[in-house]
Amino acid sequence: MSKRRLPENLSVETLAIRAAELRTDEMSHSEALFLTSSFVYESAAQAAARFAGTEPGNIYSRFSNPTVRSFEERLAALEGGEQCVAFASGMAAITAVFMASLKPGDHILSSRSLFGTTHVLYEKYLRKFGIEVTLVDIDDLDQWRAAMRPETRFLFVETPSNPLAEVADIPALASIAHEGNAKLIVDNCFCTPALQRPLQLGADIVIHSATKYLDGQGRCLGGAVVGQAQDMAEVYGYLRTAGATLSAFNAWVFLKGLETLSLRMHAHSSNALAMAAWLQTQPGVKRVHYAGLTDNPYHSLAARQQSGFGGVLSFEVVDSEGKEDRQAAWRFIDATRLVSITANLGDVKTTITHPGSTTHGRLADEDKRRAGISENLVRLAVGLEGIEDLKADMRRGLAALGFSE
């Protein structure tokens, strides 16, 4: 196998295509796919040296596979981190960071504006191991400061958040974390390094659900953690022991996805902005949540931190009789004919879902209310279809609410 040494100071667009290219002796142009569970050695002594770590090389695909490593190295280059550790899913990646780094009595300070399953991880599982979690509003820095404790180890935030696309001030949160000898973790799933690089803004660790935009076509599950080598050592150790392993095939698919990441993310952003601006003008839409809109409270902050506003927006619907409930949201969703009714996002195909009964359905009603997830909220992950075709599909939803042109 061979790797070329790349020039320095390459753009994100070039790194997404050329970083960590992996070629066999046959010098295939596409990265090699190593579908093997284990690797053979030239001698028993070499096997012992590999297992002892005194000789570099592959051992077992649970924790050392060349294709997975190529994906890890490429994503680390994109995020500007020293090391990436890949996992079987985004939630496996989040869990790994906490399980590898925390002990009973430690404290996590987190935004309440999160993917629903992260809430469940906090409440149902981490607390069983004596790890305390405090939730605060994503944009209230005074709350973050007041909730810091001597035993706080991590600040955790999604930015933009799921599903309201709220934006956190990454440099400010990094400062709060570091003043308290804690580390800031940023879930960069909605932006990816094509639009936002949290490590350059002061974050310590970046989390990805590679299932979403890194893949880009809804094909595979995967996750990743990126940071400095000293922070990744125990995360890698957890992977080696617990085995939440990314498959080589999925890693190969993600490598192909990364090649078009920048093009796709800017196209998603363009379509989402056009859709958000149009939805704002429609009867039946009470409010649109998207930082790309100039009247959005997070617009200025997002413009400073991001090079685009991403493809995910949400909006609150109301029917012609003034009802703002789950049934109105469901009628809107069910009337669409083009977009996909699914809870996944990051696909070239536009997806639509009702967060209150899907992605955040396991949250208690009070937790949903505090997170701003109303029963009439609809999340739209805008894909790469023609924007006029997407608007026409949204008109079908509006017609189901009693509004027609």
Output the number of the condition that S110 fails; it satisfies all remaining conditions of (1) of a type in the set (S, T, N, Q); (2) farther than 18 Å from L155 by Cα; (3) surrounded by fewer than 24 Cβ atoms within 10 Å (Cβ to Cβ).
(2)
Output for region 89-106, where each listed residue is more than 16 Å from the chain's Cα centre (by Cα) and part of a loop (DSSP other than H, G, I, E, B)
L102, K103, P104, G105, D106
Just the residues that are of a type in the set (V, I, T) and closer than 16 Å to R362 by Cβ, please, taken from region 96-126.
T117, T118, V120
If I filter region 268-323 down to residues being of a type in the set (D, E) and loosely packed, with under 15 Cβ neighbours inside 10 Å, which single residue comes out as modelled with the highest pLDDT?
D295
Looking at A86 and the list (1) under 20 Å from the mean Cα position of the chain (by Cα); (2) in a helix (DSSP H, G or I), which single condition is not satisfied?
(2)
Given the criterion within 16 Å of the chain's Cα centre (by Cα) and without any contact (Cβ under 8 Å) to a residue 60 or more places away in the chain, identify the matching residue among G257, G222, G227, G216.
G257
Would you check if A44 is modelled with pLDDT under 95 and either of a type in the set (A, V, I, L, M, F, W, C) or not assigned by TED's automatic domain parsing to the domain that holds A92 (or both)?
no
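The values are calculated or read from the model by the stated rules, or taken from the named source; none is laboratory data. Everything quoted here is computed from the prediction, not taken from an experiment. Ideal geometry is used to build each Cβ from the backbone, glycine not excepted, and the neighbour counts take in all protein chains shown.
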